[in-house]
Amino acid sequence: MPDLLSSLKEWHERKSPLLVERGVKVGIFESPEGRDKNSFGISFELGSRISYLTAWDSGEIQISSIDLDTDSAPKEEYRENVPAGDLPVIADRLASWVFRISRNS
């Protein structure tokens, strides 16, 4: 099973300070102890753009993104069997979407 939680936590440690410097609000959340599946997630927010990326120790991820100015509901994507090496690329794309689009508004 890929170690998605460690991969996402490492990404957070490396990249979040740079995003925060640029004005992106970065949040983290973890599942409470005792759950069948442990999770770790990151949220990105700048202006009206918000994205969440949640990873589970079972190899699953959930991506949610919304532009509150234009979307009536979040865009959702669920994936199974995600390689740990793919997670930093996915997180980079979400963070870039929030930063790049909001910055140009």
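Here, each number is a calculation from the coordinates, and none is a lab measurement. Owing to the predicted nature of the structure, the values given are computational and were not obtained by experimental measurement. Quick reminder, even Gly has a Cβ in these numbers, built from the backbone with ideal geometry, and neighbours come from all protein chains shown.
Quick rundown of the values:
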| quantity | calculated |
| --- | --- |
| Magnitude of the charge dipole, the chain, Cβ model with Lys/Arg +1 and Asp/Glu -1, debye to 20 | 440 |
| Label point distance in nm, D3-S72, each placed 7 Å from Cα along Cα→Cβ | 4.5 |
| Spin-label pair R14/S58, simplified geometry with 7 Å Cα→Cβ offset, distance in nm | 2.8 |
| Angle in degrees between helix 4-21 and the longest Cα principal axis of the chain, rounded to the nearest 10 | 20 |
| Residue-averaged [θ]222 nm for the chain, counting only DSSP H segments that reach four residues, each worth -39500 (n - 2.57) | -11000 deg cm²/dmol |
| Added length on full extension, which subtracts the Cα-Cα distance from 0.36 nm per residue, D36 to R79 | 13.7 nm |
| Per DSSP, loop trypsin sites (Lys or Arg not before Pro) in the stretch 14-50 with at most 16 further Cβ within 10 Å | R22, R35, K37 |
| Residue (of F99, G27, W11) at the positive-pole extreme of the chain, dipole from beta-carbon charges | F99 |
| Cross-link reach list, aspartates and glutamates versus K25, counting only Cα pairs under 16 Å and skipping chain neighbours closer than eight places | E13, E45, D67, D92 |
| Burial ordering of S51, S72, S7, S96, fewest other beta-carbon atoms within 10 Å first | S72, S96, S7, S51 |
| Cα Rg over Rh - the stretch 4-103, Kirkwood | 0.96 |
| Stretch gain in nm, segment K25-D86, where the contour uses 0.36 nm per residue and the Cα spacing is subtracted | 19.7 nm |
| Tilt relative to the chain, helix 87-103 - C-alpha long axis, 0 to 90 degrees, to 10 | 10 |
| 10 Å Cβ shell holding at most 16 others, DSSP loop, GluC sites (Glu not before Pro): longest site-free stretch of the chain | 1-32 |
